[in-house]
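Trainee: Here you go, one structure.
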Amino acid sequence: MSEAGPTAAEEWRQNWPLVMAAGMGVSFFSFMSPALGLFFDSLHAEFGWSRTELSMGMTFGALLTVLGSPFVGRLIDRFGSRRLALPGLIATSLSIAAFGLANGSLGQWIALWLVFGIISLSVKTTVWSTAVSGVFSTSRGLALGIALSGTALAQVIVAPLGNWLIETRGWRAAFAWLGLGWGGAALLLCGLFLFDVHDKRRAATRIAGGGQASVPDLPGLTITQAWRDPSLWRVAIATLLTLMVTIAITVHQFPIIVDAGMTRADAAWIGSLVGIASVAGVRGLPG
C-alpha cells in the first residue's frame, strides 16, 4: 500500500511562508498595469504624449513576455523558481525605476518597456505558481488561489500609494519608490522563504553528502502532449481574450475616472476598491 500524503494542515504548517512570499512576488509582477494610468497626466503634461503613445510601450513589452514565456518555463523546470526570482526581482526593480529617466523620446520610452518586458519574465506569474504547486498537493488549489491574490493586492495598494507618491515626490521619484520599494519588500520575503522542490532537493543532497542534486521529477504533460491537448488550447484562448479586455481596462481605468470629473485622490481610492471587489467576488462564487 502506498503511503498517505501530507494533510492540508501539515502542508500549510510547513509551507505557508512560501505562499506569502509567492503572493508578494505576484503582486510585484502585477502592479505596473494598474500603476501606468496614474502617470498619464504627468507624462502628457511634460512630453505631450497621447494615451495611445503612452500605452504603446506596455503593448510591446507584453508581446515580448508572451514570446519569452515558454523559455522561462524551461528554466524554471531546470533550476527552480528561487534562482530566477531573486536576481529577477533586483533587475526588474531597477528596470521600473529606470522609467523615471524618460527624456521625451518616444523611442526611448518604448525601449524602456522592451527592457522591462524581457527582464520581468524572471518574475512572471509562472515563477510563483510553480513554486507553490510543487510543494502543495492536498491543498494546492487554496494555496495557488491565495498566492495569485497578489494581483488583487497590487490593485488595492498601487493606486492610492502611487498617486500619493506622484503628488508629493513627483512622477520620476514615484517610479523609483514603487520599483525599488515594492521590489525590495518582495526580495526580502523571497530571500527568506521562497524554497521550492528544487531547493529542498539540493538541501537534502547536501545533507546526505552527495554530489550535484538531480532535477526533480515534476508531474505534468510533455510539450508535445500539451500542444495536442484541446482543453489547454481552450484555456489559453479564454485567458488571452480575458486579459486583452481586463488589462486594457486596468491601464486606462484611472484616467477615465478622472476625466469623468473626479479628483485624482477619489479616483485612486475607487481603483483600490477594484482589488477588494475582485477578491470578494471570487470568494463569493458557489463551490
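Readers should treat all values here as calculations from the given coordinates under stated rules, not as data from a laboratory. Keep in mind the model is a prediction, meaning the values are calculated, not measured. Please note: Cβ atoms are built from the backbone with ideal geometry, for glycine as well, and neighbour counts cover all protein chains shown.
Trainee: Grab the Cα-Cα distance for Met262 and Gln225, subtract it from 0.36 nm times how many residues apart they are, and report the gain in nm with one decimal.
Mentor: Length gained between Met262 and Gln225: 8.2 nm.
Trainee: Can you give me the pair-distance distribution of segment 66-175, C-alpha pairs, 10 Å bins, whole percents?
Mentor: 13, 33, 35, 16, 3, 0
Trainee: If Lys and Arg each add +1 and Asp and Glu each add -1, what is the summed charge of the other residues whose beta carbon sits under 12 Å from the beta carbon of Trp128?
Mentor: Result for the neighbourhood of Trp128: +1.
Trainee: So what is the 222 nm mean residue ellipticity for the chain from helices alone, if each DSSP H run of at least 4 adds -39500 (n - 2.57) and you divide by all residues, rounding to the nearest 500 deg cm²/dmol?
Mentor: -25000 deg cm²/dmol
Trainee: What is the Cα centroid distance between segment 31-64 and segment 114-141, reported in whole angstrom?
Mentor: If we compute the Cα centre of each part, the gap is 25 Å.
Trainee: Expressed in whole Å with the largest first, what are the equivalent ellipsoid semi-axes of segment 4-156 derived from the C-alpha gyration tensor as the square root of 5 times each eigenvalue?
Mentor: For segment 4-156, the ellipsoid semi-axes come out as 34, 16, 11 Å.
Trainee: Find how much the distance from Ser42 to Thr59 grows on full extension, using 0.36 nm per residue of separation minus their present alpha carbon separation; answer in nm with one decimal.
Mentor: Full extension from Ser42 to Thr59 adds 4.1 nm.
Trainee: Excluding Ala267 itself, calculate the net charge of residues whose Cβ lies under 12 Å from the Cβ of Ala267, where each Lys or Arg counts +1 and each Asp or Glu counts -1.
Mentor: Neighbour charge sum, excluding Ala267 itself: -2.
Trainee: So, one more: Let me check I've understood the local charge: for His252, count other residues with C-beta under 14 angstrom from its C-beta, Lys and Arg +1, Asp and Glu -1. What total comes out?
Mentor: Local charge sum for His252: -2.
Trainee: Another question about this same structure. Which whole-Hz couplings ³J(HN,Hα) result when phi for each residue of segment 63-68 is put into the Karplus expression 6.51 cos²θ - 1.76 cosθ + 1.60, θ = phi - 60°, listed in order with x for Gly and Pro?
Mentor: 4, 5, 4, 5, 5, x
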